[in-house]
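Report on the structure given below.
A short reminder: the numbers here are calculations on the coordinates, not readings from a lab. Bear in mind the structure is a predicted one, so any value in this text is a computation, not a measurement. We place every Cβ from the backbone using ideal geometry, glycine too, and count neighbours over all the protein chains shown.
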DNA sequence: AATAGATGTGAGATCGATCTCACATCGTCT
DNA sequence: AGACGATGTGAGATCGATCTCACATCTATT
């Protein structure tokens, strides 16, 4: 036999009052007699009444849910952020809807549309594309709070939380150059992705500053998964004159590169030096330990959620841009080189 | 200026028809004249009409959202599962709400309640506790589809997807015993958690079969995070007579153990042998590579989502129990021992 | 020609909670 | 005594989409 959840009407009937009074008693607003209030409470308890958030949301226009559209929750970077957002959302009585764009603009757009029609209260998005973002501008136009993380979208004027990608990448590549490397590979994500662009631009800036001509053959593009990165690394290092050092733009790719090197019998740092963007759990357990550019992952989700909830509670200041520093953590995966 | 999303009423007004007709045209049911239908379509387009899923859900009783309550999305195991569920849900036009129980029963209960009041269509839950599950039984009583993953809850008769935890653990420990180990440590999660119980019971069964008396000092309990596992490992191996081998019940704990061993100057497999439950990306990159019990993670989320959507599409068969095998993957983290 | 059926449309109820408004019934103050 | 404010309650509108029902037309069939 199927029990149906109790409605306010049921509670009101049981307590012998009108729906209006029942609502007043349960939400404690307006005038309600003590005795009546208790009768209603008792009735609600007895029926196991838990309002219908759908109806409430329809009435007041907003569903206490935060939408979160990320690249891929399997990336520990995003997983951490999603987790932190969920924790803060929970504290504020909100739930979290998660969608993976899988770095597809079309998917991001359709996800966003489907969430928008849920009258969700606000969004935290890591936009796939830096340029095509009419959908995000649409949010702003409808006054739906939006916080961008990890990436920027042109023409979308809203809060965002970033890290210093370009600086981090430049530091890494400068370090490789200082260690004598001239053929520095770049294992990067799709160029539509903001972080990928910025990190590449840091890479290029460092090369340019050292007077090293850019070389397309030094650059390999891959989706951000371990498996794809393995392939991309193999492609890169199967050339006649492969790089002597590699910079990878995220931790999954770093791990992919490591696995690829192992399978190719390439030893780090003897044959190839490696620096990865974004630290990871086992970076210190590999032998050698992996030198990385670290970003304060644990801050990003929290900062974004805080910005979003500030907006939700009515704060109406101009958009804030939070930018975290990145840090080069030198470990053992880079060796000195003295060729050309 | 704030644009409000267009409603059906707006569309109807613009097309000069009634709401009923507009609805018919947009959802193509009932009789609508060709010309009228086109007028409505045009009006909808012009206004950028996208129904209000809240109102639709209120009307027909269900919101096309799947709720997913896991231990912690930061665990790659759960992240993978969440990802796979999200993909399948998206294909079916559903969104995914994610909540972390953080292995707290109270949080699981309150999350579930808050999601239930959203009239969500179905749930996939990795229950924190094997015993206290009135909340889950409540779902069943209200006929809300529920699929349990990774764990079982007593008295809750519904679809579930598990792996052979006990068998996997036993295989691991039997292997350690066969390699001459008698003092085998267990780094496990909270005993309320089903997988932890089962894996422990596999551990105990293997010891018993070999005539080795269980020893509480060989067991350390930790939350399933890298950090906690580091501490727990250090505690375990700071004893006067520490284990000669360690079995860890999940990959985060395995990684924690690795980091702990490094910090304590304990070398694997020379000083201590190690087997972890659940494979992980870099298990083959460490030196030595880590021997693990692997489970088909990529199957679990998909299987669970499939079961759930079968229910949602009305399938009314008795609950299915899917159980995947686990496999011992021997790599290099176990060495032969010939003491007592 | 009459009637059954097909086709097309609108009015209004419904989902569940909330909120405004109107209407009581008190007590208290001049 | 009259009046005003405080207190308590209910009827009904509202949020947006859907669906039933009733009412038109129009076609085809006997």
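Sorted into 10 angstrom bins from 0, the C-alpha pair distances of segment A:218-340 split as 12, 37, 25, 14, 9, 3 percent.
Comparing Cα centroids, segment A:94-127 and segment A:280-328 end up 20 angstrom apart.
Normalising by the residue count of segment B:165-296, find the relative contact order in percent from Cα pairs under 8 Å and 6+ residues apart. The value is 25 percent. Multiplying the residue separation of residue A:131 and residue A:215 by 0.36 nm and subtracting their alpha-carbon distance yields 27.7 nm. Per residue of peptide B:56-68, the mean number of Cβ atoms on other chains within 10 Å of the residue Cβ is 3. Scaling the Cα radius of gyration of chain A by the globular reference 2.2 N^0.38 Å produces a ratio of 1.28. Placing one equal scatterer on every Cα of the protein assembly as shown and applying the Debye formula, the log10 ratio I(q)/I(0) at q = 0.06, 0.07, 0.11, 0.12 Å⁻¹ is -0.40, -0.54, -1.20, -1.34. Shape class for segment A:161-233, computed from the alpha carbon gyration tensor (a ≥ b ≥ c): oblate, with a/c not under 1.5 and a/b at or below b/c. Extending 7 Å from Cα along the Cβ direction at residue B:192 and again at residue A:143 yields two label points whose distance is 4.4 nm.
Each residue in A:174, A:154 was given a count of other beta-carbon atoms within 10 angstrom of its own, and listing them fewest first yields A:154, A:174. Counting every other Cβ atom within 10 Å of each residue's Cβ, A:250, A:34, B:72 order from fewest to most as A:34, B:72, A:250.
Can you bin segment B:74-134 into rounded, prolate or oblate? Criterion: square roots of the alpha carbon gyration tensor eigenvalues sorted a ≥ b ≥ c, rounded for a/c under 1.5, prolate for a/b above b/c, oblate for the rest. It is oblate, given that a/c is not under 1.5 and a/b is not larger than b/c. For chain A, the 222 nm mean residue ellipticity estimated from helices alone, with every DSSP H stretch of n ≥ 4 adding -39500 (n - 2.57) and the total spread over all residues, rounds to -13500 deg cm²/dmol. With both labels modelled 7 Å from their Cα along Cα-to-Cβ, the residue A:289 to residue A:264 distance reads 2.6 nm.
Applying 1/(1 + (r/R0)^6) with R0 = 41 Å to the Cβ-Cβ distance of residue A:35 and residue B:20 gives a FRET efficiency near 0.35. Dividing the Cα radius of gyration of segment B:243-284 by 2.2 N^0.38 Å, with N the residue count, gives 1.06. When all alpha carbon pairs of segment B:165-296 are counted in 10 Å bins from zero, the resulting P(r) reads 14, 51, 33, 2 %.
The residues B:68, B:158, when put in order of fewest to most other Cβ atoms within 10 Å, stand as B:158, B:68. Against the empirical curve 2.2 N^0.38 Å, the C-alpha radius of gyration of segment A:8-51 lands at a ratio of 0.94.
Our summary gives chain B a relative contact order of 16 percent, counting only alpha carbon pairs under 8 angstrom and 6 or more residues apart. The slack in the chain from residue B:235 to residue B:107, taken as 0.36 nm per residue of separation less the alpha-carbon distance, amounts to 43.2 nm.
For the pair residue A:92 and residue B:4, a Förster radius of 25 Å applied to the C-beta separation gives a FRET efficiency near 0.50, rounded to the nearest 0.05.
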